[in-house]
1. Any idea what log10 I(q)/I(0) is at q = 0.10, 0.12, 0.17, 0.24 Å⁻¹ for segment 219-328, Debye with uniform C-alpha scatterers and no solvent?
2. Exactly which trypsin sites (Lys or Arg not before Pro) in segment 33-67 are in a DSSP loop and have at most 14 other Cβ atoms within 10 Å?
3. Once label points are set 7 Å from the Cα along Cα→Cβ at both Ile86 and Ser316, what is their separation, rounded to one decimal in nm?
4. Considering lysine pairs in segment 226-328 that are 8 or more places apart or on different chains, how many have Cα atoms under 26 Å apart?
5. Measure nothing but the geometry: give the 0 to 90° angle between the long axis through the Cα atoms of 2-18 and the longest principal axis through the Cα atoms of the chain, rounded to 10°.
6. When you take every Cα atom in the chain, what is the radius of gyration, and what is Dmax, the widest Cα pair distance, in Å?
7. Can you list residues from other chains, or at least 5 along the same chain, whose modelled amide H is less than 5 Å from the amide H of Ala231?
8. Nothing charged except the Cβ atoms of Lys and Arg (+1) and of Asp and Glu (-1): what's the magnitude of the dipole of the chain about its Cα centre? Round to the nearest 20 debye.
Amino acid sequence: MTRFVLGLVGVLAFNTLAWAGPNDLFTEKDKDFGVSPKGTVLVHYFRFTNTTKETITLGQPRVSCGCVTPALTTNRVAPGETAAVIAYMDTKRIPNAGITKTVLVYVPFTSPTFEEVALKVTTVTRDDLMMSPDTLAFGTVTKGKGAKISTKVTFTSDANWTVNKATSTGGFVSVEAKLNSRSGSIVTYDVTATLDKECPAGNWTSDIYLETSNTAVAKLRIPVTVAVSAAVAASPEIVAFGSVKMGSASEQKVTIQSATPFKILEVKGADEQLSVKVDKDSAKPVHTVVIAANPAAAGGFTRSVEIVTDNKDQPSIIVPVTAKVVSK
């Protein structure tokens, strides 16, 4: 009986270590939007990663105020996956401007254990502040092109209002603020964000902050979004064969595509254990490449295939190849 009790205690202790609780999965549970123009919709992603060994299930979130609408990127999160609770704060539905509004988002985690996590969003809305548009959304930009986008920020209750400093949290986004007009108590600035040509492919978000001379609007936040697409992209990006028997060929197809027709000029990296088949005669927006591995020795197998194109924005693309070679 003693052995059984000790064994049970050990299992309980192990489970406690493996599942510390959903609160511990969030790196951020409090988002202060700062001062915002009344009428805008503020959006924030509370991200978390499932670092446990079990699938996490979430229920429908609830809120303490109808001015916030919650959403989930998914309600089932496998081990190692990342998900987010999204809070949409509609400032039009906040009745009183000029006061701090805090809303709680309650997120129920229903398995492997039940626990409710409270997330918080806060803002102060202003009737005398306007941004048009209220988000710097670059849209989709081809990698290597760069882009610029602007918004007008107007403050209507301070004739001496100035923007003293403009900064960006994005490593590939710079910002500049210039006075547009000053008429009586109405002051307008042009705020321009520039996306660096070196920004990697992916969906990115950042924030621009304006530090101003008026203590009531000492710091303004402008969200920035951009989707950077590769001029030439491979799908899948990595060819992972998994376990391959030594001396047995295994092949996978890779799609190479672009928004405009292009030619594949050359393929580098093939050898006696790795072959690459590709149509190099015609220019087209989508090419199919067949990569075949026939490893001769057991153990790890890694290669890099370089596909050279005539696309000026992306002359070549690298496709890593991996496999674990096992004896017959």
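The values are calculated or read from the model by the stated rules, or taken from the named source; none is laboratory data. Since the model is a prediction, treat every value here as computed from it, not as a measurement. Counting neighbours? That spans all protein chains shown, and the Cβs are built from the backbone with ideal geometry, glycine included. Note: accessible area is taken over every heavy atom of the protein model, side chains too, but ligands, DNA and RNA are not part of it. Shrake-Rupley method; radii C 1.70, N 1.55, O 1.52, S 1.80 Å.
1. So the normalised log intensities are -0.36, -0.47, -0.78, -1.25.
2. On the way: sites: Lys38, Arg47, Lys53, Arg62; in loops: Lys38, Lys53.
In loop regions of segment 33-67 (DSSP not H, G, I, E or B), the sparsely surrounded trypsin sites (Lys or Arg not before Pro) are Lys53.
3. In this crude spin-label approximation the distance works out to 3.9 nm.
4. 26
5. 60
6. That works out to 26.7, 86 Å for Rg and Dmax.
7. Lys143
8. Numbers: 34 positive and 29 negative charges, 54 e Å.
Here the chain has a charge dipole of around 260 debye.
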